[in-house]
Structures are given as C-alpha cells and as structure tokens.
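Undergrad: Structure below; questions to follow.
The values are calculated or read from the model by the stated rules, or taken from the named source; none is laboratory data. Just so we're clear, the structure is a prediction, and the values are computed from it rather than from any experiment. Don't worry about glycine lacking a Cβ; one is built from the backbone with ideal geometry, like all the others, and counts go over all protein chains shown. SASA here: full protein model, heavy atoms, side chains in, ligands and nucleic acids out. Shrake-Rupley method; radii C 1.70, N 1.55, O 1.52, S 1.80 Å.
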Amino acid sequence: MDLFPPSNELGATLGRIRGLVLTQETAQHAVDLLAQVAQETTPNASGAGVSLIHESQRTSVGATDALVRTADDLQYTLSEGPCLTAWSTRSPVTIDDTSTDVRFPQWSAAAADAGVRSCFSVPLLRGRDSLGAMKVYSTVPAAFDDADRARLTSLSIAASALLGHVQTSETSTRISSELRESLRSRDLVGIAKGILMEREGLTESEALTALTARARITGVPFRQLTADIVNGHGDHGSEDASR
Amino acid sequence: MTFPYSEEQRAMITAAIVESGFSTGEVWLHYFSLSGEVDEYEVEAYLAGLMPMPALECDLLALAVNELIDELPPRRRAPFGDELVRAHAGTGDAPSP
C-alpha cells in the first residue's frame, strides 16, 4: 500500500478543486473580456455580448451594457431569439430590423420595445460542440455590413478556442459539490472500517474486504451501508441482525 | 498481488465502463468516495492494461462501477392497455368514444 500514500489522492483532489475554482472565475472573466473585444472591433455596435449555452440554458454571460443584458435575458425567458438559434443551428443570424423581422415575433417585439433595432449573432463552435453565441446589437436598423459580419465571425473562431478550454460555472459548481460529497462518503468508509477493526479485531484491509462483501451480498449502496454502521455504533450488531 | 483472472477482471471492468458510457473521471470519483486508494492517473493506466492494482482496489473499482450502473435510470417499459385504462380512471379525462 506504500505505493499509494494517502497524500497522493488528496493532493489530486485538492488540485482539482483549486483548478475548478480558477476555471469558474476564468469563464466569467473570459466572456466579459470577449464581449468588450467584440464591441471594440465593431464600431457600429451600441453593445456586445457573449453567452455560454448548455442544453438551451445560459451558463455564463458577458455583456458590455444593460441593454445587451436585457435583450439577452429576453431570449431565455421567451425561449427564442437570434443567439439561441445561432447556437442551435450552428450558423450566424442577422436581424436588420426588429420592428419588421418575423422569425422571432415575441423576442423581436420585446427587443424593439427595449430599444434594440438590429443585431448580428454568431455561434461559438468548437469541433462538434456549440458552446454559445457572440452578438452585437445596435439601436439603429441595419447597422451591420458584410465587413462587420466577417470581422465578428473571425473573432468568434478565436473566442471559441479560448472558451473551449474553460469550464462553465454550472459544471464546476456541480463537480465541486460532488467532490465534497465524495470526501464525506470516504470519511464514512474510514469510520466504518475503524469500527469493524475495533469490534471484530480485523486489520484495515480485512475490514474493507468485509465491508465490500457485505455490500455485494445485501446490494445496499456502500455509502448507505457504511453510514448505517457509523450511526449504529454503540448499538452492537443491530445492523447485522436486520440483514 | 495478482490472481489468475486479474486480466479478465480488468478487461471486463473496462468493458462495463465503456458500455455504460461513464468517463474515467466519474468512475474514479465514485471509487475515491468508496475509500479507493489509487489516484485517477493510475486507475486510468490500470484500465488501459498498463499497470496492475492491488486485488482489493480492483474489487473496490468494480463495486464503484456497479453502483454507478445501478444508479442509471431503468429503461422505459411499454404499458399494457389495462394499465393505461386504470391510470386514466382516476383522472376523469376518459377518452371520447
């Protein structure tokens, strides 16, 4: 067992937690920065935004101003809009005038009310994955020409390569809570092993063998089985009598 | 450390992981939570047949894989006609004749 000192896997786990916290911050920082760059490269834009989308849910969003944020939020409350379509169809979407465009009737009407008249949205693609969308908005109709669209499309390729390497906040939250769970459950196994060693005079590996054998015979999940032993400690043999 | 069927066990653990669609990371995390001692990199090497693991760790890995498989949602079952009739009886939305 000396081949695998305990510090090894603990180090790996801590490394993962640290790395994930870092990537969560990085994702937000990256989308904020990219929204800024998108606006700077598109002089006709009144605002720009970058959204990371996972299973039709937005996981991170960067926006240059409140109008972009509003227009973007509307897409997710209405479940329609240029960015969602750019993301799901993997192709760019241009809206020259929100007051006449008929493709997203609810979104266009609400966006026009908020002051957005035209927009261009380009998907963020990485291999087979569609990561989200990058968009520019304007308060005047038909604000973007072919040169603007070509520039934003080139930028989206570089942005996708960057964003592909950062985790979305949703994923990292999920993983780090799984890690906490897993450490707790590992702790329970350790306590249960100690109880069996003390109570039945076993070595550590004999105790673990006994526990895995019990899990196999009873079909009770290991975590529950060890938790039962830990909670039933002092009440000798009650968990054995019931099985 | 190794027993005669260790290679067969390794191959079948790997096959079970591949077939159920779990990533090595997911399997390792669950194995770790069951008090597995071997770190992720080495478990991956074991699964690829590059290095052996202690027998008890192999069994713990098998247990972790099986628990993950047991947690998968069961396949959808086809309903019988009378089950649907009974299911709708209480709801009052009887189909029009």
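Undergrad: Taking each residue of A:220-228 in turn, how many C-beta atoms of other protein chains fall within 10 Å of its C-beta, and what is the average?
TA: Values: counts 0, 6, 9, 4, 0, 0, 2, 0, 0.
Partner-chain Cβ atoms within 10 Å, mean over residues of A:220-228: 2.
Undergrad: Could I ask something else about it? Taking every residue in B:34-44, how many Cβ atoms of other protein chains lie within 10 Å of its Cβ, on average? Walk me through the numbers on the way to the answer.
TA: Details: counts 13, 14, 4, 8, 5, 7, 4, 2, 5, 1, 0.
Shielding by partners across B:34-44 averages 6.
Undergrad: Packing-wise, with mean Cβ within 10 Å as the measure, how do A:141-154, B:69-82, A:53-66 rank, highest first?
TA: Per-residue mean Cβ counts within 10 Å order the peptides as A:53-66, A:141-154, B:69-82.
Undergrad: Summing -39500 (n - 2.57) over the DSSP H runs of n ≥ 4 in chain B and dividing by its residue number, what mean residue ellipticity at 222 nm do you reach, to the nearest 500 deg cm²/dmol?
TA: Values: 5 runs with 59 residues, N = 97.
When only DSSP H runs of four or more count, the value is -19000 deg cm²/dmol.
Undergrad: Show me the ranking of peptides A:32-38, A:180-186 by mean Cβ neighbours inside 10 Å, starting with the highest.
TA: Sorting A:32-38, A:180-186 by mean packing, highest first, produces A:32-38, A:180-186.
Undergrad: Could you pull the Rg and Dmax for segment B:6-71, using just the Cα atoms, both in Å?
TA: My reading of the Cα-based Rg and Dmax gives 10.3, 29 Å.
Undergrad: Oh, and also: May I ask for the Kirkwood hydrodynamic radius of segment A:63-155, worked out over all distinct Cα pairs and given in angstroms to one decimal?
TA: After inverting the mean inverse Cα-Cα distance, the result is 13.1 Å.
Undergrad: Around A:Trp87, under 11 Å between beta carbons, what's the net of Lys plus Arg minus Asp minus Glu among the other residues?
TA: On the way: positive: A:Arg58, A:Arg90, A:Lys135; negative: A:Glu55, A:Asp129.
Computed value for this residue: +1.
Undergrad: In peptide B:54-62, what is the residue-averaged number of other protein chain Cβ atoms found within 10 Å of each Cβ? Intermediate values should be presented prior to the final figure.
TA: Values: counts 4, 2, 6, 3, 0, 5, 6, 0, 2.
Mean partner shielding for this stretch: 3.
Undergrad: Shape verdict for segment A:60-102, please, from the Cα gyration tensor: rounded (a/c under 1.5), prolate (a/b greater than b/c) or oblate.
TA: Working: a/c = 1.60, a/b = 1.20, b/c = 1.34.
In terms of gyration-tensor shape, oblate.
Undergrad: Note the buried accessible area between A and B here, summed over both chains, with a 1.4 Å probe, in Å² to the nearest 100. Mind showing how you got there, number by number?
TA: Details: alone 13110 and 7280 Å², together 18410 Å².
The contact between B and A buries close to 2000 Å².
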